[in-house]
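Worksheet: the structure to be examined is printed underneath.
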């Protein structure tokens, strides 16, 4: 008999569509297990315990929800289970995957985050398939750690490392790992490794408090971004997203308000560190990127923007010294470095 803890949090996988509106429902959470038991003839060999610490659509999630979720999992004594499955909505799926991956970086059991592109009552929904993949991963004792199974439309189910899952593509319900490198794929109840981890020795466990800073400002770049519009009161650090080539506007050509360099000077005067991500470390970099580094920007190399953001939230609540924060950001603790 395998013991699996299922943690319900709402999301589309825990919702129904009525009157043109999709919303969470008390009656839907256990529908996932019911469908699985109808589908799997060996379900009697599995005992599911269930808890529901949250019932929200994931777009309504804030970092405080991660603290609630982590506390509920810990209270359930995870060591007594063969694995844990957490259901979740898709909108903030990548961020929660990072948060739980980092916090449970020393997990000795498999933990998987499962979602659905449509409510389970919809025949197009992939929620049951994603759940089946998660259950099989636990039953087959494939690996410990944190993962996200997800089947894109008309594709084979992929298994993503939690810290490498990117947000869904625009106007799409499909998910990919950063650089398109899924960890495994799942077909006919078999797992096959697609991209072995570069780091062969497991990262050292790092105990963390389940606290996430509310003083990190994330900025997305776009043509015409006016930095004068940002109020830096109650901000400890800025995470600035970059264009795909690891660049951002660094020229005064169209006015100082549009220059990230001038904004960084303003941040420096207020003791605010500016971090940049994502960027691949290489021998050459664009002149604009070099200028930002010379101005004092801290680049978080070889990590997705989602992972960089969540890791910073943890860093600023777990460490006080700026060098300790940077050391934590540089160290690979949950497979987040490409």
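Among the numbered criteria (1) more than 24 Å from residue 261 (Cα to Cα); (2) touching a residue at least 12 places away in the same chain (Cβ under 8 Å), which single criterion is violated by residue 319? So the condition that residue 319 fails would be (2).
When 73, 46, 86, 109 are checked against the criterion of being free of Cβ contacts under 8 Å to residues at least 40 places away in the same chain, crowded, with 17+ Cβ neighbours inside 10 Å and either under 19 Å from residue 166 (Cα atoms) or assigned by TED's automatic domain parsing to the domain that holds residue 163 (or both), 109 stands alone in meeting it. Here residue 238 fulfils each of the conditions (1) within 27 Å of residue 88 (Cβ to Cβ); (2) in contact with a strand residue (DSSP E or B) (Cβ under 9 Å, 6 or more places away or on another chain) apart from (1).
Matching residues to (1) surrounded by 13 or more Cβ atoms within 10 Å (Cβ to Cβ); (2) in contact with a helix residue (DSSP H, G or I) (Cβ under 6 Å, 6 or more places away or on another chain); (3) closer than 30 Å to residue 287 by Cα:
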residue: 129; (1), (2), (3): yes, no, no
residue: 164; (1), (2), (3): yes, yes, yes
residue: 187; (1), (2), (3): no, no, no
residue: 212; (1), (2), (3): yes, yes, no
residue: 219; (1), (2), (3): yes, no, yes
residue: 231; (1), (2), (3): no, no, yes
residue: 241; (1), (2), (3): yes, yes, yes
residue: 247; (1), (2), (3): yes, yes, yes
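Where strands (runs of 3 or more DSSP E) sit wholly within the stretch 1-40, those with at least 1 residues that are out of contact with any helix residue (DSSP H, G or I) (no Cβ under 8 Å at 6 or more places or on another chain) and assigned by TED's automatic domain parsing to the domain that holds residue 71 occupy 15-18, 21-24.
The residue of the stretch 247-277 that is nearest to residue 316 (Cα to Cα), among those that are without any contact (Cβ under 8 Å) to a residue 24 or more places away in the chain and part of a helix (DSSP H, G or I), is 269.
The values are calculated or read from the model by the stated rules, or taken from the named source; none is laboratory data. For clarity, every value in this text was computed on a predicted model and none was experimentally measured. No Cβ is skipped: glycine too gets one built from the backbone with ideal geometry, and neighbour counts run over all protein chains shown.
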